[in-house]
Amino acid sequence: MSSEADTLLEMRDVRIDGFADEQWHAIIKGVDLTLRKGEVLGLIGESGAGKSTLGLAAMGFARPGCRLTGGEILFDGIDLMRASERQKQRLRGARIAYVAQSAAAAFNPAYRLLDQTVESGIRHGLLRPEEARAEAVELYRAMDLPDPEHFGDRFPHQVSGGQLQRAMTAMAMASRPDLIIFDEPTTALDVTTQVNVLATMRNAIERFDTAAIYITHDLAVVAQMADRIKVLRHGEEIEEADTETMLSAPQQPYTKSLWAVRSIRKQAEGNADKVLELNGITATYGTRPVLKDVSFDVPRGRTVAVVGESGSGKSTAARVMTGLLPQIAGTVRFDGRDLPPELSKRSKEDLRRIQMIYQMADTAMNPRHTVREIIGRPVRFYFGKTGREADARVSELLHLIELDDSFLDRLPGELSGGQKQRICIARALAADPDLIICDEVTSALDQIVQDGILKLLMRLQKELGVSIIFITHDIATVRAIADEIVVMYQGGIVEKGPKQDILSPPHADYTALLLSSVPEMEVGWLDRTLAEQGQAAS
Amino acid sequence: MHPIIRTILQRLGLGLLTLFLVSIVIFSAVEFLPGDFTEAILGQAATKETVAAFRHELGLDQPAHIRYFDWIGSVLQGDFGTSFSGRSASGVDRSREVVELIAPRLMNTLFLAGMTAIIAVPLALFLGVTAALYRNSLYDRIVNAGTLSTISMPEFFVAYILILLLSTIFPVFPSLANIAADTPLIERVYASALPSLTLTLVIVAHMMRMTRAAIINLLASPYIEMARLKGLSGRRVILHHALPNAWAPIVNVIAFNLAYLVVGVVVVEVVFVYPGIGQLMVDAVTSRDIPVVQACALIFAATYILLNLLADIISIVTNPRLLHPR
């Protein structure tokens, strides 16, 4: 054990309640946490495990609708449970800083980045304005931001997501805090961007010897950042160990199950007639081109994974196929027949045969419709079934997605994330489609829930013979379920072909970068990857 | 050209187009007014020839579209025509220019509106911001309840209560707002105190509640949480981080209320016998004085359009995404 003097943060038996459904529930049920100076602790768990809540409690902060109910939080000897609001304000932004999940939302849209970066330093009286500005420029440089002298003159909407996330780390660093809370800082980024952001963040905390709590649900990421890892579930600690031990020899069954996800490995199948062919599709938003001469085929009863980072045109391709965005050149050939580009010119039958499932199941369902109405609508619309006949079909579909009739009269708000996405799948199946387009359908879900959804989709494909286009940025998912892969970048196709061809060398440059950027669950992966990518670039 | 300037010019063009369409609506609406000025003046006993001659003199015998273009053409040159009133069957013409009639009344109305705005807008913003800062506190509840009760009462009722309190029981202010063109400023302010106070009570609630709601709506956003986690004081979080992002809805409500101060205060004018433009228009409608009605209506429409345009422009200019494109 380390000596007492080394301890920066000490949390003992911390309890936090959250208000939901008209009453208080325990979110954190007595968690201990100790952090030494300059140490990085990884906090890991599914969403709802209480990671962010615990991280914020380290700043003596409870979100609206939450309250700290018990335990002790000692930061460098200061008791944050008893400290006045004024005392806590003096610590926040000065000695403890926070890096939020979505930098795009956490920067105030009304101010230039520099003004926001220096704000806490100046407000807390740590630095004079001109010092703070010079310091900020230095930090921008340390964060590898382009044109550090003038970077801060821009507004948040004028720079990319990866740059914003680095700017936010610079903002946190600006007052030389003793502790930084990183709350899922790379979750919103593309993998290729994530690698660089992770590297700059780690270098910065090493350089200034800052202690950090790194919150994430991504094990591979935390393995690169943390000295120790603590696993949380339902507001309780499952286990804690140093990173290497935790990766190689997890003790608890829950931790092992986290480590074991993505066990699915679909054997790719080839040779089938084409259900859908895209030929030379070009599409624009206004005058801005978003798809340039995109062509690929979807074999019947197979899964085609379309991968690429945000802005690569994956979702736009889906919009063209469904007719939501008419292309300006090229054809969409479905079952041997060209589909009209405009949605309004397609027949009901055309519409029925191509269905879509969205990333955010929350917003894809009317919150005031029951499950019966949500799934029943396509049953009535496409097949004219009503009354008992429709109910029977809805019930059948529910069983198909491994839920039962007790869900019939529930509203979306009463369902978990995974259940909501299952309802969306059932709604797509209700049309008895030939092709389902899945647009990032698992991205918003926890890994274990993701696994369930992917297994379900694969089972359904086998039973019903439906073809699937699976749009994703997650290579692990692609590896798990694809038969064929299409790699997209900046509105064009980089590579396409059977899974084993694309995933094994030789790769196209971009594919290689994409594949190598996916964090792996081993210590030292980040350094190795940066070295390799550096070599490849030079 | 900066895209903002182009947007503003576009809005300005659209505003003018709206005004043009509104002028057609006004003209047609006046056409549909029952009754006729000539008959109102000459009486039922007038011979057909007299009526025809009188109508000819006023230009009322022309077809509607010609009269419309005559009217709008003169308006574009700043000539709102001559009032019908002052003419009589005997042929004596003491009629006055519409501009001459409206100008002093409009000045009075603008004075009252301006005076009210100077009190009400800062007051509403202050109450709104502080209510947001201390939300759910006793202060917040009192402010909310207070403003809500004043807006819930009819304005004439508010006016009479104020007269009762501040003019009868405690004779601080006059109950009649007698002002003329040559009334000195101080006296003018004194005379207009009660009508202005009445209008303030009527419009403050709307603006205050929108300010409060717009700010509270932003308090849940991640950048406000970030500001808190930077250790900033509650006041700085609200004033510096929330308010600048809340201008768009607030400004729209302010514009709406300012427009109301110009075009909708006839009841208050009547209670305090304040010589504003609202009364003038009502009188003109009663006496079928078409040129005056049209001119008033056009001024009202222009006020609405102008203030809304201004609110739009402020919303655009306070949005950095539009002001500083990528």
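Below are the figures for this structure:
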item: Under 18 Å from residue A:420, Cα to Cα: aspartates and glutamates that are on another chain or at least 8 residues apart; result: A:46, A:362, A:373, A:396, A:402, A:404, A:405, A:409, A:439, A:440, A:446, A:451
item: Area accessible to solvent at residue A:257, 1.4 Å probe radius, in Å²; result: 50 Å²
item: Cβ-placed point charges (K, R +1; D, E -1), dipole of the protein assembly as shown about Cα centre in debye, nearest 20; result: 760 debye
item: nm² value of the averaged projected area, convex hull over the Cα atoms of segment B:99-286; result: 12.6 nm²
item: Candidate aspartates and glutamates for bridging to residue B:48, where Cα separation is under 20 Å - those fewer than 8 sequence places away on the same chain excluded; result: B:36, B:39, B:57, B:61
item: Shielding of B:313-322 by partner chains, average beta-carbon count, 10 Å; result: 2
item: Cα-based convex hull, segment A:274-504, per residue volume (Å³, whole number); result: 120 Å³
item: Protein accessible area in chain A, 1.4 Å probe - carbon and sulfur %; result: 47 percent
item: Interface residues, segment A:80-107 - accessible area loss of 40 Å² or more versus chain alone, probe 1.4 Å; result: A:89, A:98, A:105, A:106
item: Solvent-accessible area per residue, Å², over chain B with all protein chains present [probe radius 1.4 Å]; result: 51 Å²
item: Exceeding the 30 Å Cα-Cα cut-off - candidates A:462/A:496; A:266/A:385; A:314/A:462; result: A:266/A:385
item: Highest-fluctuation residue, B:310, B:17, B:197 considered, GNM on chain B with Cα pairs under 10 Å; result: B:17
item: Dipole magnitude of segment A:274-504, debye to nearest 20 (Cβ charges: Lys/Arg +1, Asp/Glu -1, about Cα centre); result: 520 debye
item: Protection proxy ranking, peptides A:517-525, B:174-182, average beta carbon neighbours within 10 Å, highest first; result: A:517-525, B:174-182
item: For residues of B:163-173, the mean tally of beta carbons on other chains within 10 Å; result: 0
item: Amide H within-cut-off set for residue A:239, under 5 Å, with H built and near neighbours excluded; result: A:231
item: Selection from A:336, A:249, A:42, by position along the positive dipole direction of chain A (Cβ); result: A:336
item: Cα gyration tensor shape for segment B:219-275, rounded if a/c is under 1.5, else prolate or oblate; result: prolate
item: Leading residue at positive end of dipole, the protein assembly as shown (Cβ point charges), from B:319, A:506, B:282; result: B:282
item: For residues of A:172-181, the mean tally of beta carbons on other chains within 10 Å; result: 1
item: GNM flexibility winner over chain B from B:292, B:251, B:282 (Cα, springs under 10 Å); result: B:282
item: DSSP bridge orientation in the protein assembly as shown - percent antiparallel, rounded to nearest 5; result: 55 percent
item: Solvent-accessible area lost in complex, 30 Å² minimum, residues of segment A:132-169 relative to chain alone, 1.4 Å; result: A:155, A:157, A:158
item: Kyte-Doolittle mean at least 1.0 and Cα axial length at least 24 Å: DSSP H helices in chain B; result: B:3-32, B:98-133, B:193-219, B:243-263, B:290-317
item: Distance cut-off 39 Å, percentage of C-alpha pairs in the protein assembly as shown lying past it; result: 57 percent
item: Whole-Hz ³J(HN,Hα) from phi, Karplus 6.51 cos²θ - 1.76 cosθ + 1.60, for segment A:276-290, glycine and proline x; result: 9, 10, 9, 10, x, 6, 10, 9, 9, 9, x, 9, 7, x, 10
item: Within the accessible area of segment B:5-151 (1.4 Å probe), percent carbon and sulfur; result: 67 percent
item: Of the DSSP H helices in chain A, those whose Cα atoms cover at least 15 Å axially and whose Kyte score averages -0.5 or more; result: A:113-123, A:161-173, A:191-207, A:371-383, A:387-400, A:417-429, A:447-464
item: Residues losing 30 Å² or more accessible surface upon assembly, segment B:223-260, compared with the chain by itself, 1.4 Å; result: B:223, B:225, B:226, B:228, B:229, B:230, B:231, B:232, B:236, B:240, B:241, B:245
item: Accessible surface, per residue, of segment A:274-504 when the full set of protein chains is kept, probe 1.4 Å, Å²; result: 42 Å²
item: Interface burial for B against A (accessible surface, 1.4 Å probe, total of both chains, Å², rounded to 100); result: 2400 Å²
item: Relative packing of A:451-464, B:39-52, A:34-47, which averages over residues the other C-beta atoms within 10 Å, highest first; result: A:34-47, A:451-464, B:39-52
item: Hits among lysines - C-alpha to C-alpha of residue A:230 under 21 Å, sequence gap 8 or more where chains match; result: A:29, A:37, A:51, A:256
item: Inter-part distance where segment A:351-421 and segment A:75-95 are each reduced to a Cα centre, Å; result: 49 Å
item: For chain A, calculated [θ]222 nm from helices alone, where every DSSP H run of n ≥ 4 adds -39500 (n - 2.57); result: -11000 deg cm²/dmol
item: For residue B:191, net neighbour charge (Lys/Arg +1, Asp/Glu -1) across residues whose Cβ lies under 15 Å away; result: -2
item: 222 nm mean residue ellipticity, helices alone, for chain B (DSSP H n ≥ 4; -39,500 (n - 2.57); rounded to 500); result: -23500 deg cm²/dmol
item: Ranked by how many other beta carbons lie within 10 Å on average, peptides B:226-237, A:338-349 from highest; result: B:226-237, A:338-349
item: Residues whose placed amide H lies under 5 Å from that of residue A:275, excluding near-sequence neighbours; result: A:298, A:300
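The values are calculated or read from the model by the stated rules, or taken from the named source; none is laboratory data. Just so it is clear, the model here is predicted, and its values are computed rather than measured. Backbone-built Cβ (ideal geometry, glycine too); neighbour counts: all protein chains shown. Surface areas here come from the heavy atoms of the whole protein model, side chains and all, with no ligands, DNA or RNA. Shrake-Rupley method; radii C 1.70, N 1.55, O 1.52, S 1.80 Å.
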